[in-house]
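Read the structure below first, then the notes.
The values are calculated or read from the model by the stated rules, or taken from the named source; none is laboratory data. Because the structure is predicted, anything quoted here is derived from the model rather than measured. Positions of Cβ are generated from backbone atoms using ideal geometry, with glycine treated the same way; all protein chains shown enter the neighbour counts. The area values use the complete protein model at the heavy-atom level, side chains included, leaving out ligands, DNA and RNA. Shrake-Rupley method; radii C 1.70, N 1.55, O 1.52, S 1.80 Å.
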Amino acid sequence: EKQIIFLEIPKTGSKSVVMPFLEKDDALFQGHKPLHEVEKLTKPLLIPQPKSAVAVIRNPIDRIISCLNYFKTHDFSNHKYAAIEDVNELSYLLMDDSVEEDEMFPFLPQVHYLEGSLPIKLFRFERIQNVFSYLGLPARHDNKSIPYYTKEALLESTIVDICKHYSEDLELYE
């Protein structure tokens, strides 16, 4: 019976959980989709409906730095965010209303992925080993990126912009 949905929020360490999670009998996974979309996808299926969801959340500033580092480490040269040379350019890009949601998905607030009706058990990235224990999975770490950018390089004004943009994530995280 597929009873648990694992929500894959980009750059929260979720890739490390996905593969061993899919091998579980009670697991249901739909990629980088918000809970409400996953719920819609499962309703017409002839399977027992999920009873809960699990997700990993991360400090929004660390998450954004990780995403930019991921773009630089892996060949995403065609993505506009891979062209960032100064991490402080991020403030302008986050406020860019011309960007399509599909292109923006790694930068969508984490709360976007948590919208739905099922109860969600949240785990912090810094304690990701707890999600492995909770799900009965072997711990691992995939998708490690080279640290091109660091939090220390952020200007105070960039931090303020990120905090404004991700204010709901910060509330959730704290």
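Observations
- The set of residues in segment 151-162 being aliphatic (A, V, I, L, M) and either open to solvent by less than 90 Å² (accessible area, probe 1.4 Å) or under 18 Å from the mean Cα position of the chain (by Cα) (or both) consists of A153, L154, I159, V160, I162.
- Taking segment 163-174 as the range and being closer than 16 Å to F125 by Cβ and either open to solvent by less than 100 Å² (accessible area, probe 1.4 Å) or of a type in the set (A, V, I, L, M, F, W, C) (or both) as the test, the residues that pass are Y166, D169, L170, L172, Y173.
- Considering residues of segment 42-60 that are under 24 Å from L172 (Cα atoms) and not in a strand (DSSP E or B) only, the residue modelled with the lowest pLDDT: P50
- Selection from segment 132-174 of residues that are closer than 24 Å to V38 by Cβ and in contact with a Leu (Cβ under 8 Å, 6 or more places away or on another chain): L172
- Selected residue (criterion: modelled with the highest pLDDT) from residues of segment 19-41 that are buried (at least 16 other Cβ atoms within 10 Å of the Cβ) and assigned to a helix (DSSP H, G or I): L35
- Evaluated against (1) closer than 15 Å to K15 by Cα; (2) open to solvent by less than 30 Å² (accessible area, probe 1.4 Å); (3) at pLDDT below 80, N143 falls short on exactly one condition, (2).
- With respect to the stated conditions, Y92 is on the phi < 0 side of the Ramachandran plot, modelled with pLDDT under 85 and open to solvent by 70 Å² or more (accessible area, probe 1.4 Å).
Listed here are the residues, each with its yes/no results for (1) within 18 Å of K15 (Cα to Cα); (2) in contact (Cβ under 8 Å) with a residue 40 or more places away in the chain; (3) surrounded by fewer than 13 Cβ atoms within 10 Å (Cβ to Cβ).
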residue	(1), (2), (3)
L122	yes, yes, no
V131	yes, yes, no
G136	yes, yes, yes
Y149	no, yes, no
